[in-house]
Amino acid sequence: MSDYNFAYLDEQTKRMIRRALLKAVAVPGYQVPFASREMPMPYGWGTGGVQVTAACLTPDDTLKVIDQGADDTTNAVSIRKFFEKTAHVATTEKTRAASVIQTRHRIPEEPLTADQILVYQVPIPEPLRFLEPRETETRRMHALEEYGLMHVKLYEDIARHGHIATAYAYPVKVEGRYVMDPSPIPKFDNPKLESAALQLFGAGREQRIYAIPPHTRVVSLDFEDHPFEASKADHACDLCSARHTYLDEVITDDAGGRMFVCSDTDYCAGRQATGHHGRLSPQEATA
Amino acid sequence: MTPLLSVRDLSKTYGGRIGCADVSFDLYPGEVLGIVGESGSGKSTLLNCLAGHLAPDTGEILFDTRTDGPRDTRKMSEPERRMLSRTDWAFVHQNPRDGLRMGVSAGGNVGERLMAVGARHYGQIRAQATDWLGRVEITEDRLDDRPSAFSGGMQQRLQIARNLVTGPRLVFMDEPTGGLDVSVQARLLDLLRGLVREMGLSAIIVTHDLAVVRLLAHRLMVMKSGHVVEQGLTDQVLDDPQHAYTQLLVSSILQV
């Protein structure tokens, strides 16, 4: 048998997820429990994100899948193929052309618009987890807005490293109420959490969904004398010379050679197509 | 003078068994109350009920709050009660591992209560943590060490610093010197006595060690099988015990 229900999940399951999504949007940053299903991929590959995407997709949608900024790595390719096969939706690598974007650990460089949905894959939704292992206790702390512990983590960072060394999954406060783990995006992306697009977060193994509605206030936690800083590698992209994008460092040989390239492959390719080139661009492009 | 803590007819049962029954007392500001009794006499149950860790079945616990005067902590909402336990109350556990975060540095442990009440300036938090470590005789160079690298006595002193940093008015202590050897115990008691006097703290100390109450407590309550069998001034109770159980307790002390 080769006929899947549209987007793999059955209609009742999608309905259940949509209800959780509505609640998540109504209470920004709050982790809504949902009955996560077994998906035909291992935990850690984005089972939460896939379920949220499946519940959001319509036949008219255009889907883009990002893995660490790239469109062509295993995770992105396999999830894109999955929805091509089960939902027959159009797929794209262009950020601008997509209506639903599922992402792992990055926010696209290009600003998102009001008619787009960004779906995050989340490994551990609980920002307080490594400080307070008891779920009963962390839920109570969220309910009573007791977030002093989150600053203890940042305090430890400064005490040990001299600065806030948390570089990804940097905790944020949503709409002045809930402290949220923005999934392991680099803290460079944190300012982009205030966006025109709807942002949904799905954690499959942990069975939680949460959301940031468009134009919601999202503040990265910090200290008065150690303010938040959206850091990145201090280089220009070696392919498109962009200085304002998040960069991957790529080791090129065993003699210390390395290059920095935009982690957002679509954005980098777009810049190269419009004539930007960097230090290591192919010669025929510069000629 | 209004009592800081006023307890009336407090009872707690575990099913058919009595935890503590019909306990009433007043604690005035600056006063230290000792609760002694053998294991299973209900002293820890009583302390946990007072500190809001257990819900008593009947009775009143009136605490003299800073803003609204005496209020029944049992009728407070949970956020209010937890706020109290972060600011005006402190709880020193017998085992420092219960009261400390073992994966967080000493400075972070002391700073946690400050950050929980809204401190957001790293430099100031650190300065206060350093100051408090000094007060409990832990040198400044241990500020960034984890409690797991500390000795038992140091852990206990760290726990005390962590609890007192927000300037509480009432401290609950559950066997604060249990599990420490006598010389460390003596130093800790000395330190506690100094801090209590200096900060004008009120304290309730649960212990089975009569030497501890003799040294620290102004008044003493003796418990047996969940009931208070005798209470009064510490020296009076210890020197002239009236109840048979208290007489037994006092005569059981080993003389070295």
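The values are calculated or read from the model by the stated rules, or taken from the named source; none is laboratory data. The structure displayed is predicted, hence computed values, not measured ones. Ideal geometry is used to build each Cβ from the backbone, glycine not excepted, and the neighbour counts take in all protein chains shown.
Name the residue that is surrounded by the most Cβ atoms within 10 Å (Cβ to Cβ), counting only residues in the range A:245-264 that are assigned to a loop (DSSP other than H, G, I, E, B) and free of Cβ contacts under 8 Å to residues at least 24 places away in the same chain.
Looking at residues that are assigned to a loop (DSSP other than H, G, I, E, B) and free of Cβ contacts under 8 Å to residues at least 24 places away in the same chain, I get A:THR252.
When you look at B:MET102, is it modelled with pLDDT of 90 or more and either more than 8 Å from chain A (Cβ to nearest Cβ) or in a loop (DSSP other than H, G, I, E, B) (or both), yes or no?
yes
Based on what the data block shows, is B:ARG169 charged (D, E, K, R), within 30 Å of B:GLY37 (Cα to Cα), modelled with pLDDT of 90 or more and touching a Ser or Thr at 6+ places or on another chain (Cβ under 7 Å)?
yes
Within 14 Å of chain A (Cβ to nearest Cβ) and either touching a residue at least 24 places away in the same chain (Cβ under 8 Å) or of a type in the set (Asp, Glu) (or both), is that true of B:PRO147?
yes
This table checks each residue for (1) over 19 Å from B:LEU4 (Cα atoms); (2) not in a loop (DSSP other than H, G, I, E, B).
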position: B:ASP144; (1), (2): yes, no
position: B:GLN155; (1), (2): yes, yes
position: B:PRO176; (1), (2): yes, no
position: B:GLY179; (1), (2): yes, no
position: B:GLN185; (1), (2): yes, yes
position: B:LEU191; (1), (2): yes, yes
position: B:VAL196; (1), (2): no, yes
position: B:ILE204; (1), (2): no, yes
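Counting only residues that are assigned to a loop (DSSP other than H, G, I, E, B) and hydroxyl-bearing (Ser, Thr, Tyr), which one in the range A:1-60 is farthest from A:ARG177 (Cα to Cα)?
A:SER2
Determine whether the range B:241-249 contains at least one residue that is more than 20 Å from B:ALA21 (Cβ to Cβ) and surrounded by 16 or more Cβ atoms within 10 Å (Cβ to Cβ).
yes
Could you grab me the full set of residues in the range B:120-138 that are more than 8 Å from chain A (Cβ to nearest Cβ), of a type outside the set (S, T, N, Q) and surrounded by fewer than 20 Cβ atoms within 10 Å (Cβ to Cβ)?
B:ALA127, B:ASP131, B:GLY134, B:ARG135, B:GLU137
Can you tell me which residues in the range B:86-113 are over 18 Å from B:GLN156 (Cβ atoms) and touching a His at 6+ places or on another chain (Cβ under 9 Å)?
Matches in the range B:86-113: B:GLY111 only.
Filter the range A:93-120 down to the residues that are under 14 Å from A:LEU63 (Cβ atoms) and hydroxyl-bearing (Ser, Thr, Tyr), then identify the one that is surrounded by the fewest Cβ atoms within 10 Å (Cβ to Cβ).
The extreme case among them is A:SER99.
Collect the residues in the range B:105-116 that are of a type outside the set (Ser, Thr, Tyr) and either in contact with a Pro (Cβ under 7 Å, 6 or more places away or on another chain) or facing another protein chain (nearest Cβ under 7 Å) (or both), keeping them in residue-number order.
The answer is B:ALA106, B:GLY107, B:GLY108, B:ASN109, B:GLY111, B:GLU112, B:MET115, B:ALA116.
Mind listing whichever residues of the range A:209-227 are in a strand (DSSP E or B) and either out of contact with any strand residue (DSSP E or B) (no Cβ under 6 Å at 6 or more places or on another chain) or hydrophobic (A, V, I, L, M, F, W, C) (or both)?
Hits for the range A:209-227 are A:ILE209, A:ALA211, A:ILE212, A:VAL218, A:VAL219, A:PHE223, A:HIS226.
One line per residue, one yes/no per condition, for (1) under 16 Å from the mean Cα position of the chain (by Cα); (2) among the small types (Gly, Ala, Ser):
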position: B:HIS218; (1), (2): yes, no
position: B:GLY226; (1), (2): no, yes
position: B:LEU238; (1), (2): no, no
position: B:PRO241; (1), (2): no, no
position: B:TYR245; (1), (2): no, no
position: B:LEU249; (1), (2): no, no
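Results for (1) more than 9 Å from chain B (Cβ to nearest Cβ); (2) touching a Leu at 6+ places or on another chain (Cβ under 7 Å); (3) closer than 21 Å to A:GLU110 by Cβ; (4) assigned to a helix (DSSP H, G or I), shown as yes or no for each residue.
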{"position": "A:GLU145", "(1), (2), (3), (4)": "no, no, no, no"}
{"position": "A:LYS153", "(1), (2), (3), (4)": "no, yes, no, yes"}
{"position": "A:ASP157", "(1), (2), (3), (4)": "yes, no, no, yes"}
{"position": "A:ALA165", "(1), (2), (3), (4)": "yes, no, no, no"}
{"position": "A:PRO191", "(1), (2), (3), (4)": "yes, no, yes, yes"}
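If I go through the range A:71-91 residue by residue, how many of them are free of Cβ contacts under 8 Å to residues at least 40 places away in the same chain and acidic (Asp, Glu)?
Qualifying residue count for the region: 1.
Checking B:SER39 against (1) within 21 Å of the chain's Cα centre (by Cα); (2) in contact (Cβ under 8 Å) with a residue 40 or more places away in the chain; (3) within 14 Å of another protein chain (Cβ to nearest Cβ); (4) part of a loop (DSSP other than H, G, I, E, B), which test does it fail?
(3)
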